[in-house]
Structures are given as C-alpha cells and as structure tokens.
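K.L.:
Pasting in a structure now, in structure tokens, and then I'll have a few things to ask.
The values are calculated or read from the model by the stated rules, or taken from the named source; none is laboratory data. In this text, all values refer to a predicted model and were calculated from it rather than measured experimentally. Heads up, the Cβs are rebuilt from the backbone with ideal geometry, glycines too, and the neighbour counts pull from every protein chain shown. When the accessible area is computed, the model is the full protein with side chains, heavy atoms only, and any ligands, DNA or RNA have been set aside. Shrake-Rupley method; radii C 1.70, N 1.55, O 1.52, S 1.80 Å.
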Amino acid sequence: MLKKVFGSAVFGVEATTITVEVNVDKGIGYHLVGLPDNAIKESNYRIAAALQNNGYKIPGKKITINMAPADLRKEGSAYDLTLAIGILSASNQIKTPDLNKYLIMGELSLDGSLQPIKGALPIAVKAKEEGFKGFILPSQNAKEAAIVNDLEVYGVETIKQVINYFNNGAVLEQTIIDTQKEFEKNLDFPEFDFSDVKGQEGIKRCMEIAAAGGHNIILIGPPGAGKTMLAKRLPSILPPMTLHEALETTKIHSVVGKVKDTGIMAQRPFRNPHHTISDVALVGGGTFPQPGEISLAHNGVLFLDELPEFKRGVLEVLRQPLEDREVTISRAKFTVTYPSSFMLVASMNPSPGGYFNDPNAPVISSPAEMQRYLSKISGPLLDRIDIHIEVTPVPFDKLSDLRKAETSVEIRKRVTNARNIQTTRFINSSSVHYNAQMNTKQIRQYCLLDASSKNLIKTAMERLNLSARAYDRILKVARTIADLEGTESINTMHISEAIQYRSLDRDGWLG
C-alpha cells in the first residue's frame, strides 16, 4: 500500500515541502531514495527501536520510501517521525484518514520520545502558505512554530501521542500564541546600561550617532580604555525591534536551532565571535550551508574585538555583506541567500603593544611593527566603516565620580526620534530604512550642502586623501547628526563633526 506523508526541508531561511512516499509491498528490503544524507539513512535503526518500544514494528516486507522532489538534497534527523508514521500507515498498523492535512517533523529517540528540530519557524510559515491544516512537531519547538497564526500547531512528547491522535482520535493540545502579545512581553530592556560608563562623553556621543543612523563604527584605544564595555551597551540604545524585524531575526536563529523557549526574539542580537573564527563560520556556508555570525547578527550588532587579530582573509569577506546587507552562498547544485543587515562595531589597539604616541607606555612599537599591524585591515574595509573614533583611558577623577551618568533610556529616546525621521524620509523605499543604507542617488537627494560646507569637505578630502566612499560616509554621518538635532538641512557644524570621526584616515595611522 502507498501512503504519502509531508515533511519539510530548509534551504537558507526558506522551507520547501517534502513529500515522503512510503510503499509497502510483497518481498523483503528497505529502500530509501531521494538524496537523503547519512542521518536520514540511519533513521531506520531509530525508527525500528522506537516502534518496538511502543508496541509496533517495521513490517518484514519490501519497504520503498521516496523523498520528493528526488533531486533535492535532504539532511538531518528531523524526518524520523515523518518516516515512522508513513511506515505505520502504509503497513495498516494505524489508521490515518487526515494524514495529508498535516506536516509532521521530529527526531526520534529509541524509546519513542521526540527531540527538537531546527528550522521550525520557516517550516511553519511554508506549511501555512501551502494550506496545511496543522503542524505536528516536538513540544520544544511548539512555541516557535505557533508564532505563525492560522496554523494548528501541536507539540508532542512521544510518537505514541501522534499514533493515538490519528488512530484513536486522542486529543492533542494545540499551542496557541498571540504573536503581538508574546513579542511585547519579551521586549525587556537589555541588562547593560550606559549609566554604568564613567566619563567618555565624546565616545557616547559617537555611539549615539552610530545607533541613530545604523552606522558601522570602530573604536581605537589602549587596553582598559573601555572599548568592549561601550560596545556591549550599544544594543541598549538601539530602537526597539519591530515585529517584522523580530520575525526575520527569529527565522534565522531557528534555522540553526538557537531559538529559546520564548518563541520569538524581541531583543536585538549581539554577536561577539572570537578572532580565531573561520571565514565560513563568520559569513556562512559549509557542505550544507548554514548562516554565519553576520546573519545571526541580522537586525542587531556584530562586535569584532581586536580587529587586527582576525585573519585578513576573514575580514575581507565582510566587504560584500557590508555593502549589500545580504550574503549569497553558491554551491554546484543550489544557491542560498541569507540576510545580513547588521551594525558592525569593531575595536582595536592603536599599536601591537597596545599604546601609541605614549611616552610612558610599557611597550613602544617601531614604525615597521605599526605598519605591519595596521596593514592587516585593508583600506576598502575601513572605507565601509562610517565612524572611526579614538578611545582614551578615563581619568581617575571621572572614574571615581559617584554621580550617575545618562541612562540608556534617555539616549534611546533621542535615537528613536532620529530613526522616526528617517523612517518618514524613506517611506517609499522598500530596501532603505535608515541613513547608513542610503545609496548614491539618495545621498545626493537628502545630503545637500551649502557653499561653506562644500568647501570644508573639499579641504578635508584633499588633506586626508579620502576616497569617494569615505566622502559618502561623511555625508551619511552628517545627515544623522542633523536628524538628531531635528534639522532638515546639513550645516558646517554637522560636516565638521562627521569629518572628526575619520581617525584612521589621518596621517600617522595607515602610512
């Protein structure tokens, strides 16, 4: 007898419905076709033990299973439950009158209990799109899948529950979530606050500008100056995520199985990879492509601490995602695209020894050592970082000051107001939402300069030998500074401040 069961495969951040055709006929054998990987090929051992321990068995007949479309590579152990129910149905061990109305996924343990799967959210989205009535999956993934409204989501603990549901009409508890309420409930404030930072008012100003316009920023300073402390507090002043952004972010984290019990991610991600990371782990890829750190930081912050310590090849692969805000992984038979719209926050010491132009420094680096150290960061990569700022150690009198500094809540209000101005400005654009995303045409339209501002930026371009890309970055930052002030036009003060935030373009840094 032939039966069809439905599962799903995830490629990139999108799912594709897989039809599992199970045919039980006279003879002996177990044949699994349709480009399954080793984890799926081994599933018959898990299924056999799980069925045996629950009073059922794999029939001693010829079993042929096809996973269609047959030319699409399938991977992972999440098809165990799909295959097991298909075998039981095709061998008449259970009755499954409504089997075609459900999408079924789950990894089986030998006792029949279910383990969580990856990609539950994109699978649920696809199930709703294709008109399935419900989605049966492990209970650990139920809240994540239930984010999708108008789809019945049933979280189960064991295969026995699924069998009884189809065979005996047993009731499964449906997981129902009010997505908007769940999102609002999870909008707790980040644990790190700018009120913890003593002094560093100029650096806080830079961070506020970066947050307001979504600009990439690099912090340059000696050890102990507070670079990491400042970077960790940046998410606390970013505008709260919208529901659309939260769903996008949750979808990516779902693919790698990193969604927590909350179901929906309402906090902007903060990713802080170690400098030994490979280019594949950073950008994504692999034999079966997975999103990398830059995609996991989508709608949030990617923090690269001690930037020159990263391999140059790893840093160079950042250039295209920083421009396009997405990364494409190509393989011989397929191509996947992951979103990667993140704020890059980098930090670095000014020299190999950690100190620069400091006569009291414990280690003085030679010019050759300086050049070798700084050359690890290419000019094109630095051009893509809008704000370069030097971080100096905090004097003792400010460090010991007991007065409370401005809180992240206060800074966030100004940032959110500036972002609202930008949202209105780019309301007719589907791909641009804040100043850092502006293309050349939009820069020319929204960053108009008067004569004095043009002369000022011209002088800076000539003296600092800035590239055309650096020129655009200055205009974008100046536009954000004007938005924070609530002014429509950009003046010389805005341009002057934006030029100051190009520290690494000055003589004495990169030669």
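K.L.:
I'm trying to understand the selection: among the residues of region 442-457, which are closer than 23 Å to residue 217 by Cα and either among the β-branched types (Val, Ile, Thr) or open to solvent by 100 Å² or more (accessible area, probe 1.4 Å) (or both)?
P.N.:
Residues satisfying the conditions are 443, 444, 457.
K.L.:
Limited to region 89-117, what total is found for residues that are touching a Lys or Arg at 6+ places or on another chain (Cβ under 9 Å) and over 15 Å from residue 158 (Cα atoms)?
P.N.:
11
K.L.:
Here's something else I'd like to know. Restricting attention to region 15-34, does a residue exist that is open to solvent by 20 Å² or more (accessible area, probe 1.4 Å), assigned to a loop (DSSP other than H, G, I, E, B) and within 30 Å of residue 252 (Cα to Cα)?
P.N.:
No, region 15-34 contains no residue that is open to solvent by 20 Å² or more (accessible area, probe 1.4 Å), assigned to a loop (DSSP other than H, G, I, E, B) and within 30 Å of residue 252 (Cα to Cα).
K.L.:
Just need a number here: residues in region 252-270 that are open to solvent by 50 Å² or more (accessible area, probe 1.4 Å) and at pLDDT 90 or above.
P.N.:
1
K.L.:
From the list 68, 78, 170, 146, exactly one residue is open to solvent by 10 Å² or more (accessible area, probe 1.4 Å), of a type in the set (A, V, I, L, M) and touching a Ser or Thr at 6+ places or on another chain (Cβ under 6 Å). Which is it?
P.N.:
68
K.L.:
Moving on to the next point. Condition first: in a loop (DSSP other than H, G, I, E, B), within 23 Å of residue 161 (Cα to Cα) and at pLDDT 95 or above. Can you find one or more residues in region 94-107 that meet it?
P.N.:
Yes: region 94-107 contains one or more residues that are in a loop (DSSP other than H, G, I, E, B), within 23 Å of residue 161 (Cα to Cα) and at pLDDT 95 or above.
K.L.:
Just wondering, is there one or more residues in region 469-482 that are closer than 17 Å to residue 215 by Cβ, polar (S, T, N, Q) and open to solvent by 30 Å² or more (accessible area, probe 1.4 Å)?
P.N.:
For region 469-482, residues closer than 17 Å to residue 215 by Cβ, polar (S, T, N, Q) and open to solvent by 30 Å² or more (accessible area, probe 1.4 Å): absent.
K.L.:
Here is a list: 177, 159, 203. Which entry is touching a residue at least 40 places away in the same chain (Cβ under 8 Å), buried (at least 16 other Cβ atoms within 10 Å of the Cβ), within 23 Å of residue 270 (Cβ to Cβ) and of a type outside the set (D, E, K, R)?
P.N.:
Answer to the check: 203.
K.L.:
Right, something else. For region 206-223, check the following and say yes or no: at least one residue is over 30 Å from residue 439 (Cα atoms), of a type outside the set (Ser, Thr, Tyr) and open to solvent by 10 Å² or more (accessible area, probe 1.4 Å).
P.N.:
Within region 206-223, one or more residues are over 30 Å from residue 439 (Cα atoms), of a type outside the set (Ser, Thr, Tyr) and open to solvent by 10 Å² or more (accessible area, probe 1.4 Å).
K.L.:
Among 62, 57, 4, 41, which is the only one that is open to solvent by 70 Å² or more (accessible area, probe 1.4 Å) and under 21 Å from residue 123 (Cβ atoms)?
P.N.:
After applying the criteria, what remains is 4.
K.L.:
Please go through region 250-288 and pick out each residue that is part of a loop (DSSP other than H, G, I, E, B) and either among the β-branched types (Val, Ile, Thr) or farther than 22 Å from residue 120 by Cβ (or both).
P.N.:
Residues satisfying the conditions are 256, 259, 262, 264, 272, 273, 274, 275, 276, 277, 278, 287.
K.L.:
Of all residues in region 297-315, which are outside any helix (DSSP H, G or I), over 22 Å from residue 338 (Cα atoms) and open to solvent by 10 Å² or more (accessible area, probe 1.4 Å)?
P.N.:
305, 306, 311
K.L.:
Return the total of residues in region 226-240 being farther than 14 Å from residue 196 by Cα and open to solvent by less than 10 Å² (accessible area, probe 1.4 Å).
P.N.:
1
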